[in-house]
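Here's the structure, in structure tokens; my notes come after.
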Amino acid sequence: MTYIVKPRFHHPALPKNALGYTHRDYEGSVSTLCAGCGHDSISAAIIQACFELNIEPHRVAKLSGIGCSSKTPTYFLGQSHGFNSVHGRMPSVMTGANLANRELIYLGVSGDGDTASIGLGQFAHLIRRGVNMTYIVENNGVYGLTKGQFSATADRGSKSKRGAINADSSIDLVAMALQLGATFVGRSFSGDKKQLVPLIMAAIEHKGAAFLDVISPCVAFNNHPGSTKSFDHVREHNEAVNRLDFISGRSPIAVDYEPGAVEIVEQHDGSKIALRKLDGDYDVHDRRGATNFLLERAAAGEIVTGLLYVEPDGEELHDNLKTVKKPLNTLGERELCPGSGALDKFNASLR
Amino acid sequence: MKPTDIRDPNYFHKVVDCQWACPAHTPVPEYIRLIAAGRYSDAYLINWKSNVFPGILGRTCDRPCEPACRRGRVEKEPVAICRLKRVAADYKDDITARLPKPVEKKNGKRIVCVGGGPASLAVARDLAPLGYDITVLDQDPQAGGMMRTQIPKFRLPDSVIDEECGYILDLGVAFAGGKRVDSLKALLAENWDAIFVGCGAPRGRDLDIPGRKEAAKNIHIGIDWLSSVSFGHTTKIGKRVIVLGGGNTAMDCCRSSLRLGGEDVQVVVRSGFEEMKASPWEKEDAMHEGIPIHNYLVPKEFTHENGKLTGVVFEHVKAEKDAKGRRKLVPSGEPDRHFPCDDVLVAVGQENSFPWIERDIGIDFDEWGMPKVDERTFRSTHPKVFFGGDAAFGPKNIIWAVAHGHEAAVSIDKLLNGEDIGHRPLPAVEVVSQKMGIHEWSYDNDIAGDKRYRVPLRDKVVALKDIRAEVELGYDDALAFKEAQRCLNCDVQTVFESKLCIECDACVDICPMDCITFTPNGEEAELRTRLTAPAHNLAQDLYVVNELKTGRVMVKDEDVCLHCGLCAERCPTGAWDMQKTLIEMTQAGTACRSRA
Ligand SMILES: Cc1cc2nc3c(=O)[nH]c(=O)nc-3n(C[C@H](O)[C@H](O)[C@H](O)COP(=O)(O)OP(=O)(O)OC[C@H]3O[C@@H](n4cnc5c(N)ncnc54)[C@H](O)[C@@H]3O)c2cc1C
Ligand SMILES: Cc1ncc(C[n+]2csc(CCOP(=O)(O)OP(=O)(O)O)c2C)c(N)n1
Ligand code: SF4
Ligand code: SF4
Ligand code: SF4
Ligand SMILES: [Mg+2]
């Protein structure tokens, strides 16, 4: 929280994107979160990703639930559509909005409490239906907004700020997303923008349900020794399986990659992800392998990060429902009520 | 890169661009904040201490601080540092009680200053309160030098000169007006403990082209003519006036002519308009009064009839690059042009001249006839004779003369205390954290978006009628406040403590100017390519701090930092702090002497 407005002056040599915007044009109003909160860094990464993707802000809908994390859409993309839903209910609003207008870019921002505690049921259905969107969980292991109670992602055995030990098993949202059929799954850390920004870019360009679990330390309630979501703990146990560069659809691959070391994944829109493998055997297209690897490394106390699974040609909700290409909210009376002749024909087909 | 040593007084001094650029190193942001707080007397005294003539400089300074001002890199125009100085002088209370008192019992050391311009007066101001017996000799009746004799009254009223020279003479300095020194040898024989030569650069360059002699009656050397105007000897000029030259003297000549009967006054310069020596604002002021400036015209001949000037013939030139890439003026081939006129003012340069200094008394001169003067101590090759101001290294300006005066005073003080004058004192640095609360600072860190405010002017018709009517009216207090708020407080430094940093990126994310980067270390040139925002301004330092937990370094590009303190407000651990660095140059007195 600061009391002064962020000055509108910017660096005189700031780069502009294809739309003529600087990254400053993707900001929202000034953050009211605690100084140092990981969530602010994720907002900055989203800003950078949208800037680099040349996204027109008015084409984005940002949706969230309740929590410090869910407040953050106010702090980026000030010119986009936004919806703050009831606690844990963002997935149903997201599904509805996406059905009504398939043309917007959907960005869900939630917390570990909002998603894994109160919102777990909604989250599961959103993912398994394959809604075309990017879902980011800003995961700090606590309910930041309500003063630091353990959330459902807090690791068993980790210690609260006041010394209590968490006795409950934790939910690994990445494992859940894999199990539920998400076609793009990754994990990252608010303190590593080099990894996070390209992941967000690739997720936004992905067709289908893209899920990102971003560990985001709560400096007020969960950044102490004994926490497994603190800056120090995450830095010590961060095990990245790959590094990625995002190459947007239109541009050819400019960098020369050493053959073998890099895998190029092409997404449906032609954009490419250049994956530099860090763990030789890790295969980003193997859902079961990924799940096993995750569980195994988690048991060893390590936090696996990077792009963990991607299915570039996955299907999404609209494909499955066979909806028309035109957004439903733009259909007029003529298309929606084709008249009694059409009804008769339809009824006849059911006889 | 090596980690930055912020204990080096020059490091943060350089960040305060204006103060670093000011020859006298005036603590600019400190006085600007005092103006914003309405504490004009305090603001005045800070100026008085470092630049001696706040009221005069607030109207006439060449303001090297303004092109350096960080605000000019953040938006279009710098803070009006100079005219804010005038505000302090205009609205202060009677400050005489706060000035040093004449010393009752002198220390027995006698110093003489030749010339009563700003350089000598600065020496006198610094040394008199220490007990030195100071005598200032000038051929003119009053103290002030060219500030009084050259700068037109419509830019600098006598009352301001009287007041500020008075503060110095009231320290018990003996001023002997109307006393020209004709022999330095004779002066040396008078056994002064030290001699300071502040005689300026008193000779105006002439133009030796056909017709010069024949039409001499109506051809005047600019600076001679201006001093004659100042003294009231010259009160009229012809209707049609041509001013030759593109410097500040030319601008004063043309504007003065306009007030003494000139109706058709034109300036003609050899070079291009852009290359003119005059400051942009001096050109602007002349053009605002309707004076045309013609460029690329080289005077060829004065035309005359029956011993009376009739005009000037000019050759057209254009600028070309020669084989070595140097710019040269070559004839353009267009026909010559004749400008008819009644009077010509020649303002094509100014020179030193030392006819009164014998060449056999131990003072060496170089091939250009300039005395050999040490650039740090201002001592000549004679152990007791010092030079400063325009006399030392050729014509400059008032603030340089003052800066030279301070340094010469330090040298003289050390010399007469038996010290090595080559050993120069460091500035005094005071560092104070500005933190008052979680997001409260003892300076106003909110950044004003306002554009530079214009200084109100006297109505043109009224101004042109009276050569003594000051053109600029100065800011009123409301405008002064708004202009003062544009200052970015560059002396409130961002100070980083790596031991406290948890590398959460909060400062990187909030910084409106993208100044901050956490990255692996490297050589400066390469490191500059890896920063959050382009770091092309090599004149501005990178602040590098190491010993972060991840082994990276924190790099802050000082270039366009707004000193808004948001990095410190967003830092959860207090690794960033905003600390005010008050840097004051050490002047003559005990502080400048070594403790040994
Ligand atoms: C037309 C004009 C306009 C200017 N406008 C500005 C301006 O707006 N701002 C600015 O900063 N600068 C300006 N300057 C420059 C500025 O006036 C000088 O740089 C400055 O005054 C130099 O100070 P000084 O102490 O070295 O010498 P001066 O101010 O030149 O003083 C030298 C004094 O020594 C006296 N003297 C010389 N020889 C002897 C001798 N043998 N015996 C006794 N006395 C002697 C002279 O009469 C004179 O009074 C201007 C100059 C000119 C010519
Ligand atoms: C229906 C409902 N139940 C409970 C709450 C109280 N509440 C507000 S935020 C929150 C938890 C938020 O945790 P998380 O999503 O992890 O966000 P964080 O603040 O940690 O970023 C809770 C339980 C609520 N607002 N609404
Ligand atoms: S309470 Fe925690 S999660 Fe909420 S703003 Fe503060 S640091 Fe961030
Ligand atoms: S903004 Fe203020 S402190 Fe900074 S250089 Fe300009 S006048 Fe000096
Ligand atoms: S004070 Fe801090 S936040 Fe403000 S511009 Fe400077 S480095 Fe950036
Ligand atoms: Mg949480």
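The values are calculated or read from the model by the stated rules, or taken from the named source; none is laboratory data. Model, not experiment: these values are computed from the prediction. Don't worry about glycine lacking a Cβ; one is built from the backbone with ideal geometry, like all the others, and counts go over all protein chains shown. We work out accessible area using only protein heavy atoms, side chains counted, and drop any ligands, DNA or RNA first. Shrake-Rupley method; radii C 1.70, N 1.55, O 1.52, S 1.80 Å.
Below, the figures for the structure above:
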item	result
Residue count for the range B:212-265, restricted to those that are outside any helix (DSSP H, G or I) and either crowded, with 17+ Cβ neighbours inside 10 Å or in contact (Cβ under 8 Å) with a residue 24 or more places away in the chain (or both)	27
Matching entry among B:V402, B:V373, B:V385, B:V432 (being among the β-branched types (V, I, T) and free of Cβ contacts under 8 Å to residues at least 60 places away in the same chain)	B:V373
Residue count for the range A:144-168, restricted to those that are within 26 Å of the chain's Cα centre (by Cα) and open to solvent by 80 Å² or more (accessible area, probe 1.4 Å)	5
Unmet criterion (only one of (1) buried (at least 24 other Cβ atoms within 10 Å of the Cβ); (2) within 16 Å of ligand 4 (Cβ to nearest atom)) for B:C504	(2)
Sole exception among (1) under 19 Å from A:D40 (Cβ atoms); (2) modelled with pLDDT under 95 for A:V219, by number	(2)
Filter result for A:S43 (assigned to a loop (DSSP other than H, G, I, E, B), within 14 Å of chain B (Cβ to nearest Cβ) and crowded, with 19+ Cβ neighbours inside 10 Å)	no
Residue ranges of helices (runs of 4 or more DSSP H) in the range A:302-351 with at least 1 members closer than 30 Å to A:I215 by Cβ	A:317-321
Meets criteria (within 30 Å of A:G121 (Cα to Cα), within 16 Å of ligand 2 (Cβ to nearest atom) and crowded, with 21+ Cβ neighbours inside 10 Å) for A:L63	yes
Residue count, the range B:91-110 (criterion: within 16 Å of B:A194 (Cα to Cα) and touching a Leu at 6+ places or on another chain (Cβ under 6 Å))	1
Filter result for B:C487 (of a type in the set (A, V, I, L, M, F, W, C), under 30 Å from B:L84 (Cα atoms), buried (at least 22 other Cβ atoms within 10 Å of the Cβ) and at the interface with another protein chain (Cβ under 9 Å from one of its Cβ atoms))	no
Filter result for B:A143 (in contact with a helix residue (DSSP H, G or I) (Cβ under 8 Å, 6 or more places away or on another chain) and more than 25 Å from B:T586 (Cα to Cα))	yes
Every pair of residues 6+ apart whose Cβ atoms lie under 8 Å, when the first sits in the range B:1-27 and is within 15 Å of B:T586 (Cβ to Cβ) while the second is buried (at least 21 other Cβ atoms within 10 Å of the Cβ) and of a type in the set (S, T, Y)	B:H13/B:T581; B:Q19/B:T26; B:A24/B:S50; B:H25/B:S50; B:T26/B:S50; B:P27/B:S50
Yes/no for A:R89 being touching a residue at least 60 places away in the same chain (Cβ under 8 Å) and more than 16 Å from ligand 6 (Cβ to nearest atom)	no
Helices (runs of 4 or more DSSP H) wholly inside the range B:25-79 that include at least 1 residues being within 15 Å of B:E584 (Cα to Cα) and polar (S, T, N, Q)	B:40-51
Single unsatisfied condition, A:R276 versus (1) without any contact (Cβ under 8 Å) to a residue 60 or more places away in the chain; (2) crowded, with 21+ Cβ neighbours inside 10 Å	(2)
Within the range A:237-292, tally of residues that are among the polar types (S, T, N, Q), modelled with pLDDT of 90 or more and outside any helix (DSSP H, G or I)	2
Residue within the range A:156-174 that is away from ligand 1 (no atom under 16 Å from the Cβ) and assigned to a helix (DSSP H, G or I) present	yes
Any hit, the range A:59-66, residues being more than 11 Å from every other protein chain (Cβ to nearest Cβ) and either closer than 29 Å to B:C501 by Cα or over 15 Å from the mean Cα position of the chain (by Cα) (or both)	yes
Sole exception among (1) within 30 Å of B:T60 (Cβ to Cβ); (2) of a type in the set (S, T, N, Q); (3) more than 18 Å from the chain's Cα centre (by Cα) for B:Q434, by number	(1)
Every residue from the range B:494-522 that is more than 15 Å from B:A568 (Cβ to Cβ) and more than 9 Å from every other protein chain (Cβ to nearest Cβ)	B:K499, B:T517, B:F518, B:T519, B:P520, B:N521, B:G522
Qualifying residue in the range B:466-473 (condition: within 14 Å of chain A (Cβ to nearest Cβ), open to solvent by less than 20 Å² (accessible area, probe 1.4 Å) and assigned to a loop (DSSP other than H, G, I, E, B))	no
Test: residue in the range A:15-38 that is of a type in the set (F, W, Y), more than 8 Å from chain B (Cβ to nearest Cβ) and open to solvent by 10 Å² or more (accessible area, probe 1.4 Å)	yes
Residues that are open to solvent by 50 Å² or more (accessible area, probe 1.4 Å) and either more than 10 Å from chain A (Cβ to nearest Cβ) or touching a strand residue (DSSP E or B) at 6+ places or on another chain (Cβ under 8 Å) (or both), drawn from the range B:523-549	B:E523, B:E524, B:A525, B:E526, B:T529, B:R530, B:T532, B:L538, B:A539, B:N546, B:E547
Flag if B:D322 is without any contact (Cβ under 8 Å) to a residue 12 or more places away in the chain and surrounded by fewer than 16 Cβ atoms within 10 Å (Cβ to Cβ)	yes
Sole residue being more than 16 Å from ligand 3 (Cβ to nearest atom) and either assigned to a loop (DSSP other than H, G, I, E, B) or surrounded by fewer than 21 Cβ atoms within 10 Å (Cβ to Cβ) (or both), chosen from B:V410, B:V402, B:V462	B:V462
Residues that are open to solvent by 10 Å² or more (accessible area, probe 1.4 Å) and more than 15 Å from ligand 6 (Cβ to nearest atom), drawn from the range A:107-129	A:G121, A:Q122, A:A124, A:H125, A:R128, A:R129
Residue pairs meeting the criteria (Cβ under 9 Å; at least 6 apart or on separate chains; first closer than 20 Å to B:N51 by Cα, in the range B:159-178; second of a type in the set (S, T, N, Q))	B:I161/B:Q142; B:D162/B:Q142; B:C165/B:Q142; B:Y167/B:T96; B:D170/B:T96; B:V173/B:T135
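Residue-by-condition table, conditions (1) within 16 Å of ligand 3 (Cβ to nearest atom); (2) touching a Lys or Arg at 6+ places or on another chain (Cβ under 9 Å); (3) under 18 Å from B:Q485 (Cβ atoms); (4) more than 14 Å from every other protein chain (Cβ to nearest Cβ):
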| residue | (1), (2), (3), (4) |
| --- | --- |
| B:E66 | no, no, yes, yes |
| B:V74 | no, no, yes, no |
| B:A89 | no, yes, no, yes |
| B:P102 | no, no, no, yes |
| B:P118 | no, no, no, yes |
| B:R125 | no, no, no, yes |
| B:G131 | no, yes, no, yes |
| B:V136 | no, no, no, yes |
